[in-house]
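This report concerns only the one structure given below.
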Amino acid sequence: MITLPPPEELLSRGRAAFFGLAIGDALGAPVEFMTRGEIRDKYGVLRDMVGGGWLRLKPGQITDDSEMSLCIARALVDKGAWTLTGIADNFANWLKSKPIDVGDTCRRGIRNYMLKGMLETPPNNWDGGNGAAMRMLPVALFTLGDPDLLRRCAVEQAHLTHNQALSDAACICFGNLVHLAITGRSLRSLRREVDDLVKSFPTFGFEPYKGLATGYVVDTLQTVFHCFFSTKTFEGCLIETVNQGGDADTTGAIAGALAGAYYGEAGIPSRWRKKLDRTLAAEITRLSEDLVRLAPAYRSLA
């Protein structure tokens with residue numbers, strides 16, 4: 001039986017994971033769609049939240065990765081329980097607000113809900129993008145301590161927009177990794193989880209790393225795995241990740257969430273955290289803590 005960390009540590013690591021998500025998103029978004037060479041020519045090594053990019057962002061501004069994660073977090077906290085309809089409603093309201101960026105597959109799935117009430121998009125082998133995996137963190141926090149609940153909720157939220165086997169596997173694996181990291185498990189334990197994924201789906205193999213950081217969920221996770229396991233700090237992981245270019249806001253967000261959960265709040269550079277909007281930071285703190293308090297692991301310690 002696994003010994004859980006004390007409640008305050010679970011809350012702290014939950015906060016670190018959610019802040020890591022937003023920081024990775026904001027750090028990587030300005031170099032989204034750039035190549036490694038283009039980033040190197042313009043910045044040398046990108047180490048700070050510079051803003052700009054094709055979306056003309058302000059330094060520290062988040063994009064759809066964090067915004068869709070917030071939609072899920074708000075729905076679960078407001079309900080105090082799993083609510084797929086609540087998540088779908090928040091996605092619909094978010095889409096109506098004309099967000100700065102939204103992926104085509106996410107847009108199609110949300111519109112199917114808005115127009116037809118569909119809570120599960122039809123299976124499609126071409127929907128192997130990373131749009132479901134990028135918003136998994138709130139689900140992982142909410143299900144902490146219950147891997148079966150994680151699996152069910154991961155797939156349900158994914159199928160709102162992405163119904164594809166590799167996307168499902170990526171969502172479940174990422175959720176399991178967050179569970180391991182937040183509960184203080186070793187790097188070797190996290191690596192075993194990834195090895196199990198690769199054994200079931202060899203296409204996720206990342207050694208040697210192919211250098212692809214596209215929006216395809218396989219490329220995305222290969223990038224995250226390579227950068228997480230080849231670095232030793234939160235900062236090093238995120239810098240390595242976003243400087244790969246490609247879908248840098250999403251690889252940054254996923255890597256940031258995982259690294260935040262693993263390295264904790266003390267590992268997050270204050271210069272990055274201070275760049276986030278204060279209202280956003282306050283909401284991340286509240287939602288992350290509330291999600292962890294709803295989780296089976298936390299309730300077992302109460």
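Just so it is clear, none of the values below were taken in a lab; they were calculated from the coordinates. Since we're looking at a predicted model, the values are computed, not measured. Every residue, glycine as well, gets a Cβ built from its backbone with ideal geometry; the counts of neighbours run over all protein chains shown.
Descriptive notes on the structure:
- In the stretch 217-230, of all residues being of a type in the set (V, I, T) and without any contact (Cβ under 8 Å) to a residue 60 or more places away in the chain, the one that is nearest to G24 (Cα to Cα) corresponds to V224.
- Unique match (being closer than 14 Å to L141 by Cα and among the small types (G, A, S)) among S288, S270: S288
- Here the condition is being outside any loop (DSSP other than H, G, I, E, B), of a type in the set (S, T, N, Q), within 18 Å of the chain's Cα centre (by Cα) and farther than 19 Å from L141 by Cβ; of T250, T241, it holds for T241 alone.
- Scanning the stretch 37-56 for residues that are in a helix (DSSP H, G or I) and surrounded by 15 or more Cβ atoms within 10 Å (Cβ to Cβ) gives I39, Y43.
- Residue-level check: of (1) closer than 17 Å to A154 by Cα; (2) without any contact (Cβ under 8 Å) to a residue 60 or more places away in the chain, W94 misses just (1).
- In summary, helices (runs of 4 or more DSSP H) completely within the stretch 259-302 and bearing 3 or more residues that are among the acidic types (D, E) occur at 278-294.
Residues are listed down the side, and each one gets a yes or a no for (1) on the phi < 0 side of the Ramachandran plot; (2) without any contact (Cβ under 8 Å) to a residue 40 or more places away in the chain; (3) among the small types (G, A, S):
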position: C153; (1), (2), (3): yes, no, no
position: Q157; (1), (2), (3): yes, no, no
position: N176; (1), (2), (3): yes, yes, no
position: S189; (1), (2), (3): yes, yes, yes
position: R192; (1), (2), (3): yes, yes, no
position: S200; (1), (2), (3): yes, yes, yes
position: F206; (1), (2), (3): yes, yes, no
position: L212; (1), (2), (3): yes, yes, no
position: G215; (1), (2), (3): yes, no, yes
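- Number of the exception - K275 against (1) buried (at least 17 other Cβ atoms within 10 Å of the Cβ); (2) closer than 20 Å to A133 by Cβ: (2)
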